[in-house]
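The values are calculated or read from the model by the stated rules, or taken from the named source; none is laboratory data. Remember, predicted model here, so these are calculated numbers, not experimental data. In this analysis, Cβ positions are derived from the backbone assuming ideal geometry, glycine residues included, and neighbour counts consider all displayed protein chains.
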Amino acid sequence: MTAFISSIAWRAVWVLSAWIFFAVLVGLATDRVGVCLAIVFGGYALAYMRRLIHVENWLRRTPVQEAPDYDGIWGEVVAAINTLNRRRIFHKRRNARMLREFRRLTTAMPDGAVLLTPENEILWFNHRAASWLQLRRKRDLGMRIENLVRHPTFVEYLQSDDFVEPVTIQAPGNLSSWLSLYLVTTREAPQRLLIVRDVTRQIQLEQMRKDFVANASHELRSPLTVVSGYLDALNDEPALGEAWREPINEMRRQTERMRALIDDLLELSHLEQRSELPSNELVDVGGLLSVLRKDALSLEHRPHSIELRLENNAKLLGSERELNSVFSNLINNAVKYTPTKGSIEISWRVDDRGGHLAVRDTGIGIAGEHIPRLTERFYRVDAGRSRDMGGSGLGLAIVKYALQRHDATLEVQSELGKGSTFICHFPLHRIRS
């Protein structure tokens, strides 16, 4: 192709050279070389200008007007422009067809979709997003999404750079509906896609579950207290035959286990249903851990060594009741799963990242595949062993919710047969020296 274009260009040069040679000959014969050359160059320029104007008019009216039919280098220029124009029309039609298909698909989507710029300005949205977020196409295109959906949780979600988990908010203008918002971003594309999903049904089912657990646990507490009272009275009855002593004691152990389960369920429901922030009490972590250590030492089946290491006397800002529940659950778990020849170390330290409470034991340890599920309700690594020890499977779930209310996280390090370490990381703004 390059050689072909070069030959045409050389042909145009040779034609121009021939005209110049002819003008020079005529000029020498008439003694008017300059005039003859001016006539040749002027004519050549006029011819090129005429074709240039013709091509410009054709480009303005493309694709209505037919392409001009020229030979030589002008013909090649017109052919190249015509090829590029046909490709442009083909890609334009293909893009328009794909855009129509995309709009039909997004209209049929069960979720809402909002296309945003990196500055969160709205570029496009489908019908479901418009209905759920109360968006208007002519009015809201180009507006920042946080100026239209002003829920504080959503605004904070947009300002953070962590979009791994969706955020759930009440629908604008409809407080009985709930929406889940999830922002999809990529490094290659500057635009961001906001996925909107109606999760009202899931929220209602979750609330029904919480209400049922709370109400059932509360209603079970009263009859269980009565049964426990009668069993205690029977156990203290001197006229009771020895054959009944062991069954009565077993029933007492089972009622205590049921009472512990109900208490854990009520504690978990209490944490889940409380939307307000925990009270800002100044909790003496060292004093609280000292009391819990003494309680652990008073247990009959415990490791021979339970040490407390306090690197400083920093205090925590939060709810003493909830923090007591967190620390006692972690320490009691360590006591349950550590043999009598083992040891437990409880430590509290503060650095530039915050406060860190660690409970280390030399117990049976936990296999790696179980660690991600430890904080699920009723999840047990060894169900039979947990039942024998009176575990309800709710302790770490309580720890998880209580820590979340204190802006804290739980880290678990464990190796099967070598013990476990549970670390609570508290943010710096909750530490008081």
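Miscellaneous remarks
- Qualifying residue in the stretch 323-342 (condition: of a type in the set (A, V, I, L, M), at pLDDT 90 or above and farther than 19 Å from Ile423 by Cβ): no
- Of the criteria (1) touching a helix residue (DSSP H, G or I) at 6+ places or on another chain (Cβ under 7 Å); (2) in contact (Cβ under 8 Å) with a residue 40 or more places away in the chain; (3) within 26 Å of Thr106 (Cβ to Cβ); (4) not β-branched (Val, Ile, Thr), which one Ala171 fails: (2)
- Within the stretch 16-30, no residue that is surrounded by fewer than 15 Cβ atoms within 10 Å (Cβ to Cβ) sits with its Cβ atom under 6 Å from a residue that is small (Gly, Ala, Ser) at 6+ positions apart or across chains.
- Taking the stretch 257-341 as the region of interest, the strands (runs of 3 or more DSSP E) fully inside it that hold 3 or more residues being under 23 Å from Glu415 (Cα atoms) are 305-310.
- Residues (polar (S, T, N, Q) and surrounded by fewer than 16 Cβ atoms within 10 Å (Cβ to Cβ)) located in the stretch 178-199: Thr185, Thr186, Gln191
- Test: residue in the stretch 154-164 that is more than 18 Å from Arg192 (Cβ to Cβ) and either of a type in the set (Asp, Glu) or surrounded by 11 or more Cβ atoms within 10 Å (Cβ to Cβ) (or both): no
Matching residues to (1) aliphatic (A, V, I, L, M); (2) in contact (Cβ under 8 Å) with a residue 12 or more places away in the chain; (3) touching a helix residue (DSSP H, G or I) at 6+ places or on another chain (Cβ under 9 Å):
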residue	(1), (2), (3)
Gln204	no, no, no
Arg209	no, no, no
Phe212	no, no, no
Ser222	no, no, no
Asn235	no, yes, yes
Ala239	yes, no, no
Glu242	no, no, no
Arg245	no, no, yes
Thr255	no, yes, yes
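- Qualifying residue in the stretch 359-369 (condition: under 35 Å from the mean Cα position of the chain (by Cα), assigned to a helix (DSSP H, G or I) and loosely packed, with under 13 Cβ neighbours inside 10 Å): yes
- Checked against (1) farther than 23 Å from Val335 by Cβ; (2) outside any helix (DSSP H, G or I); (3) not polar (S, T, N, Q), Glu411 passes all but condition (1).
- For first residues located in the stretch 351-373 and on the phi > 0 side of the Ramachandran plot, partners that are among the β-branched types (Val, Ile, Thr) and at pLDDT 85 or above and lie 6+ apart or on another chain with Cβ distances below 7 Å form the pairs Gly354/Ile431.
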